[in-house]
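To start, the structure itself, in structure tokens.
The values are calculated or read from the model by the stated rules, or taken from the named source; none is laboratory data. Note that this is a predicted model, so its numbers are computed, not measured. Here Cβ is always computed from backbone atoms with ideal geometry, including for glycine, and neighbour counts include all displayed protein chains.
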Amino acid sequence: MIEKIKEIPDNPGVYIFKSNGKIIYVGKAKNLKKRVSSYFLSNASEKAKKIVEEADGFEYTIVSNEKEALLLEANLIYTNKPKYNVLLKDTRVYPYAVFTNDEFPYIEITHQKVPGAYGPFTSVSFLRTLIEIIDPILQIRNCDYDLSKVKRPCIEYGMKRCSAPCAGLITKEEYAKRIEIAKSFLSGNSKRLKEWIKEKINNYSKMEMFESALRLKKLYDRLEEFLEVQSVELDGNVNLDVLTIESGIVVMLKIRNGMMLAKLEFEINGGYEDFIKWYYVGRNEELADRIVVKKRFKKMSEISKILSTRISLPVDENERRLVSIAYKNLQNRIKSSEVIKNSLNRLKELLDLPMPPKFIEGIDISHTHGDLTVASVVTFEDGKPNKSLYRKYRLSIAKIDDFESMRQVVKRRYTKHPLPDLLLIDGGKGQVDAVKGILDELKLNGKIIGLAKEDERIVFPDERPDLHLRRDDGALRILISVRDEAHRFATSYHYSLRDKEMVRSGLDSIPGIGEKRKKLLLKAFKNINGIKRASFEEIKKIVGEKVAMRIIEKISKD
């Protein structure tokens, strides 16, 4: 490999170290030959020595300038995630808003960054709030039906939450205009939406449609209240990303058109330069007009020029206040991470684990008197939920038998997936022994404990006595969090199946109720209890008078 160094040119470019054909490190340099040669010097860093020791080959790509080198380096790191490069990790999966490609589009929430997506936003609940604000104003449809097969408006139109494009009650041109206003709002620009509402209120008033004008005025006031809370007192057209990094934690405030759209958190084994390359170049996230940082960092001016975006310290009191908000959130996050780290170390000591558990999985069972038995498996990574690894299972149990349910889900789960560092069972000695038995049968050896609900005691699958910890003990708090999350995930799955079963059994016997009408009823009333609470007039708007009468009769009879 040293002989090949002589062939490397003095040009700028990107170099790659490989081991067994796999990329283990990517770097960039103004002078490739000089930079790569430095890895083989006696005074090279410990990291460089490890890379050289493991590598069995390297490659390089010549580029025209440093900007091209930065782009290529960031994309290669993001795509290949080499073990010796700085890596960026989301502390949670952030949501995006996407407009569908239909003739009359609607908004979908996704956790995948796709072309044309708006975001990321702080949370799904915050994004839903944004959508709920514009829904009754712009009346964009919120169903995914094939509109060519829909003949009349549903209850959403009657409740003034949809403009009923399915029934031709709005033109394509007007609907397209509303979509553009919605896109603008989700980009942080509320000006177009406010102007549109004012224009509508004025038109309604001229036509003496005072009830419609009053409805829009109330929606306008609600919008103003929301914007006042989200406002950060900047000029209306200011687009900033406020960035603070410390102890491997990143907190970013995303401000668009003077509105705070997101507070994002990440983990990174690096600093400002690494994060900026990873986030804006590697992940191709939207660049703000300016990036405000708490501390000056090496190559700040250089990266600013390469990205064609100004990176600077705060320049006025408002920006200093935003940096302070981001930093306070950062300190809270660091403190929380330290608590979790200490709690995982305590779990290691208490449970006699070889190392603090990186992956903890919790299992719970849910059913109604033995019917519709389901199981959940939730995964906590480094003490925090990793929802992308959650799984749910429908079990074939004909009676109440939690032990057999546990055996079934454990067998299905761990014949296909590796055991975690710690497996937590919701239950006592019986459930733990059942799991231990099936793992022995599968010839799998893992660390298992149970958490008995009545007094939160830790139960072992051997002769060790039950362990009682104080309720405020960090180790117990993590176990309770895993157990409660497994319970929540299992019960939510069970409830969704139960609602579907109740709708099926409760409505299938009624003449005139098919799959389409069942979907419409569920869309409007959420579940069978919602249908039971609905009035005859509300049900009639969805399925017509005759079928509505049959539903009311069925409910009364039951």
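Exactly one residue out of I140, I170 is at pLDDT 90 or above, over 26 Å from the mean Cα position of the chain (by Cα) and not acidic (D, E), and it is I170. Checking each residue in segment 507-546 for being assigned to a loop (DSSP other than H, G, I, E, B) and under 31 Å from the mean Cα position of the chain (by Cα) picks out K526, N527. Would you say T415 is more than 25 Å from V93 (Cα to Cα) and assigned by TED's automatic domain parsing to the domain that holds K443? Judged against the criteria, T415 is a match.
Just one of the numbered conditions (1) buried (at least 16 other Cβ atoms within 10 Å of the Cβ); (2) of a type outside the set (D, E); (3) assigned to a helix (DSSP H, G or I); (4) modelled with pLDDT of 90 or more is not true of Y157: (4). Of the residues making up segment 367-422, those that are assigned to a loop (DSSP other than H, G, I, E, B), under 29 Å from P354 (Cβ atoms), more than 22 Å from the chain's Cα centre (by Cα) and not aliphatic (A, V, I, L, M) are T415, K416, H417, P418, P420, D421.
From K200, K206, K151, which residue is surrounded by 12 or more Cβ atoms within 10 Å (Cβ to Cβ) and not assigned by TED's automatic domain parsing to the domain that holds I311? So the residue among K200, K206, K151 that is surrounded by 12 or more Cβ atoms within 10 Å (Cβ to Cβ) and not assigned by TED's automatic domain parsing to the domain that holds I311 is K200.
Looking at the structure I just gave you, is E302 surrounded by fewer than 18 Cβ atoms within 10 Å (Cβ to Cβ) and either without any contact (Cβ under 8 Å) to a residue 60 or more places away in the chain or in contact with a Gly (Cβ under 9 Å, 6 or more places away or on another chain) (or both)? Taking the combined requirement at face value, the residue does not satisfy it. Can you work out which of the residues in segment 76-97 that are part of a loop (DSSP other than H, G, I, E, B) and modelled with pLDDT of 85 or more is surrounded by the most Cβ atoms within 10 Å (Cβ to Cβ)? The qualifying residue surrounded by the most Cβ atoms within 10 Å (Cβ to Cβ) is P95.
For segment 275-299, the candidate set comprises residues that are touching a strand residue (DSSP E or B) at 6+ places or on another chain (Cβ under 6 Å) and in a helix (DSSP H, G or I); within that set, the residue that is modelled with the highest pLDDT is F275.
To keep it simple, each residue is scored yes or no on (1) within 17 Å of N75 (Cβ to Cβ); (2) among the aliphatic types (A, V, I, L, M); (3) surrounded by 13 or more Cβ atoms within 10 Å (Cβ to Cβ).
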| site | (1), (2), (3) |
| --- | --- |
| I16 | yes, yes, yes |
| N20 | no, no, no |
| N31 | no, no, yes |
| V36 | no, yes, yes |
| N43 | no, no, no |
| K47 | no, no, no |
| V52 | no, yes, yes |
| D56 | no, no, no |
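If you filter segment 256-271 down to residues that are hydrophobic (A, V, I, L, M, F, W, C) and under 14 Å from F126 (Cβ atoms), you find that the one that is farthest from the chain's Cα centre (by Cα) is M259. When segment 366-394 is limited to residues that are in contact with a helix residue (DSSP H, G or I) (Cβ under 9 Å, 6 or more places away or on another chain) and small (G, A, S), the one that is modelled with the lowest pLDDT turns out to be S366. Restricting the first member to segment 151-180 and to residues that are over 28 Å from K518 (Cβ atoms), and the second to residues that are among the charged types (D, E, K, R), the beta-carbon pairs closer than 8 Å and six or more apart or on different chains are K172/E103; E180/R192.
Applying the criterion of being in a helix (DSSP H, G or I) and of a type in the set (D, E) to the residues of segment 311-324, the residue that is farthest from the chain's Cα centre (by Cα) is E317.
Among residues of segment 458-500 being basic (K, R) and in a loop (DSSP other than H, G, I, E, B), the one that is nearest to D364 (Cα to Cα) is R471. Among the conditions (1) over 30 Å from K387 (Cβ atoms); (2) surrounded by 17 or more Cβ atoms within 10 Å (Cβ to Cβ); (3) of a type in the set (S, T, Y), Y106 misses just one, which is (1). Residues in segment 301-310 that are in contact with an Asp or Glu (Cβ under 8 Å, 6 or more places away or on another chain) and either farther than 17 Å from A74 by Cβ or part of a helix (DSSP H, G or I) (or both): E302, I303, I306, R310. Any residue that is outside any helix (DSSP H, G or I), over 30 Å from V323 (Cα atoms) and free of Cβ contacts under 8 Å to residues at least 12 places away in the same chain - is there at least one of those in segment 192-207? Yes, segment 192-207 contains at least one residue that is outside any helix (DSSP H, G or I), over 30 Å from V323 (Cα atoms) and free of Cβ contacts under 8 Å to residues at least 12 places away in the same chain. Annotation: D440 fulfils all but one of (1) surrounded by 15 or more Cβ atoms within 10 Å (Cβ to Cβ); (2) over 30 Å from Y94 (Cα atoms); (3) out of contact with any Gly (no Cβ under 9 Å at 6 or more places or on another chain); (4) without any contact (Cβ under 8 Å) to a residue 40 or more places away in the chain; the unmet one is (1).
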